[in-house]
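Presented below is the structure to which this report refers.
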Amino acid sequence: MVYYKKLHNGIRLIVNQMSSLMSVTMGILVHTGSSAENDKEDGISHFIEHMMFKGTKKRTAFQISDDMDRIGGQMNAFTSRDMTCYYAKSTTGHAAEAFDILADLFLESTFPEDEMKKEKGVVIEEINMTEDTPDDLCLDILSRAFYGTKGYGRNILGPAENVEAFTKTDISAYMCKHYIPDNIVISMAGNIDIKLAEDLAEKYFSQMESRCCKRDEIKIELQGKSLFRHKDIEQVHIGMAFPSVKRYDKFYDATQIMNTIFGGGMSSRLFQTVREDLGLAYTVYSFVSTYAEIGSLAIYAGVNSHKYEQSAEAIYKCIKDIKSKNISNEEFIRGKEQLISSSIFSQESTNSQMLLFGKEMLYNDKVYNFEERVNKISSVTLNDVLDAVELNFNDKNKASALVGAVDKPL
C-alpha cells in the first residue's frame, strides 16, 4: 500500500507500506546540494550534513549514535549535487524511536563550536582522501571539464579553504533558504503502520513554518574541455563525458538501455572490448547522470600507464561502433531485461524504495508507480534506442579527464 499526504505547511509525506518485511527505512530528503551553492557556499551542503550528527538540544554527538545503536538501528546521510538525504533504518518495533532520533538531529541540531572545529578537520581529511583516490578524483575533474566550476560542476566536498571558513551564521543562512517545508520530502518504506507514519510526521514536522522555496536557475554552459592531473601512480585514469538526456526526458529509458549495451555491465561492448578482448583495464564502465535541465553520459577506465593512449583508442572505437547504430535485437532485448530486472530488484530493498519514492516526490511531485515504470521500459523499441544514440556522443561538447603519470590532456 502506498500512502501520500501533504502536511499543512507544505512538507510531503510518502509511505510505501511493505507488510511482509520486518524493518523500515525512513528518510528526510531536501532538494538542495552542491549545485545550489555559490562560490562562498561551495561545500556547505555537505558540511551541514556532517554537522547534523554533532549534537542537538537534548543529545550529544555520542548520544545520537548510542541511542540508535541501543535499538539496533542504522543511520546515515549523503549529499549529492541536487539533494541531501538523512535516513534511518530500524526494525518495525523500533520505528518510532528511530524516527525520533532522526527528526531530532534534523530539526534541533545546535552546531556546537567545538564540534564544528573538529568536523572541519574530518571533512578536510575527506577532501584529502579524494585527492588520494584517483578514480574519484578523475570523475570530479571530468565534471569540471564538462560543466565548468559552477552548478553541477561543483565538487560536492568543496575546497578546504571554504570548509575552514564556514561559520554558524553561514550554516543558518543557507538552511534558512533551503531547509524549508516546500523543499522537504519525508519518505518511508517497509513494514510501518500508515497511521503511525502520519502521526510521526505530524508530531515532529508540523511546527515548521510554512515557506516556499524559489530555487535559483542553474545555468548550463557546457565547457567541452580536456583536463588532466599529474600524479605519480601506477595507473592512468580516463574519464570522458558527453551530453545526454535530462531527467524525465521521453528518451530517458531508451538512453538507459543504450548505455547498458554500451558500457553498463559485463556483457557490454566497453567491458568485452577493453577488458576481455584487449586486457587493457580491470575497471571500465559507462553511466548516465540526469538532472532537471540536462544529463551526461560518462565513461571511466583505470588502465596501464604505458597503454592509456591505446585504451583511449579502444574506447573511441566502441563509441564509433555504437554511433554507426549496429545494435542487434539480441543486445536490445538483453539491455531492456537488465533495466527491468534492476527495477524489480529495487522492490526488495527498503532503502531503495525509500529513495525511489522520495526522489520521485522531491523532483517530480508525483507518487512513484512501479507498474508504470516497468511498462515504460517494456514499451521502448529498438528504434527508440537507435534514436537515443543520436542524442548522445555529441563530439562538440565532449569533455575528458586524465589522472596519472601524464603531462598532457587526452
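The values are calculated or read from the model by the stated rules, or taken from the named source; none is laboratory data. Note that the coordinates shown come from a computational prediction; the quantities given were computed from them, not determined experimentally. Because the Cβ atoms are built from the backbone with ideal geometry, glycine has one as well, and the counts that use them run over all protein chains shown. Side chains are part of the model used for accessible areas, which takes the heavy atoms of the whole protein and leaves out ligands, DNA and RNA. Shrake-Rupley method; radii C 1.70, N 1.55, O 1.52, S 1.80 Å.
Listed by first and then second residue, the pairs linking a residue in the stretch 220-235 that is more than 15 Å from residue 398 (Cβ to Cβ) and of a type in the set (A, V, I, L, M) to a residue that is in a loop (DSSP other than H, G, I, E, B) and open to solvent by 60 Å² or more (accessible area, probe 1.4 Å), with Cβ atoms under 6 Å apart and 6 or more places separating them unless they lie on different chains, are 220/293. Within the stretch 364-375, residues that are without any contact (Cβ under 8 Å) to a residue 12 or more places away in the chain have Cβ atoms under 7 Å from residues that are acidic (Asp, Glu) and part of a helix (DSSP H, G or I) in these pairs: 366/360, counting only partners at least 6 apart in sequence or on another chain. Within the stretch 260-277, being of a type in the set (Val, Ile, Thr), open to solvent by 10 Å² or more (accessible area, probe 1.4 Å) and within 18 Å of residue 312 (Cβ to Cβ) holds for one residue alone: 273. Just so you know, in the stretch 199-230 the residues that are charged (D, E, K, R) and over 27 Å from the mean Cα position of the chain (by Cα) include one that is nearest to residue 292 (Cα to Cα), and it is 209. Summed over the stretch 161-173, residues that are surrounded by 12 or more Cβ atoms within 10 Å (Cβ to Cβ) and closer than 13 Å to residue 39 by Cα total 5. With respect to residue 333, is the statement that it is at pLDDT 95 or above and open to solvent by less than 20 Å² (accessible area, probe 1.4 Å) true? For residue 333, the condition - at pLDDT 95 or above and open to solvent by less than 20 Å² (accessible area, probe 1.4 Å) - is not met.
On inspection, residue 88 does not qualify as aliphatic (A, V, I, L, M), farther than 19 Å from residue 174 by Cα, more than 23 Å from the chain's Cα centre (by Cα) and open to solvent by less than 10 Å² (accessible area, probe 1.4 Å).
If only residues of the stretch 374-407 that are modelled with pLDDT of 95 or more and of a type in the set (Lys, Arg) are counted, the one that is farthest from residue 185 (Cα to Cα) is 398.
Out of 13, 7, 21, one residue alone is more than 20 Å from residue 118 (Cα to Cα) and within 23 Å of the chain's Cα centre (by Cα). It is 13. Restricting to the stretch 336-383, and then to whatever is basic (Lys, Arg) and within 20 Å of the chain's Cα centre (by Cα), can you tell me which residue is most open to solvent (accessible area, probe 1.4 Å)? This residue is 366.
Here residue 121 fulfils each of the conditions (1) open to solvent by 50 Å² or more (accessible area, probe 1.4 Å); (2) without any contact (Cβ under 8 Å) to a residue 12 or more places away in the chain apart from (1). For the stretch 131-156, a residue qualifies if it is farther than 14 Å from residue 227 by Cα, in a loop (DSSP other than H, G, I, E, B) and open to solvent by less than 50 Å² (accessible area, probe 1.4 Å), and the qualifying residues are 133, 154, 156. Residues in the stretch 223-257 that are closer than 20 Å to residue 142 by Cβ, of a type in the set (A, V, I, L, M) and surrounded by 20 or more Cβ atoms within 10 Å (Cβ to Cβ): 236, 238, 240, 241, 245.
Looking across the stretch 179-205, not a single residue is part of a loop (DSSP other than H, G, I, E, B) and exposed (fewer than 13 other Cβ atoms within 10 Å of the Cβ). Please tell me if residue 128 is open to solvent by 30 Å² or more (accessible area, probe 1.4 Å) and assigned to a loop (DSSP other than H, G, I, E, B). So residue 128 does not fit the description; no. Are any residues in the stretch 41-72 small (Gly, Ala, Ser), under 17 Å from residue 99 (Cα atoms) and either part of a helix (DSSP H, G or I) or open to solvent by 20 Å² or more (accessible area, probe 1.4 Å) (or both), and if so, which ones? Listed by number, the residues that qualify are 61, 65, 72.
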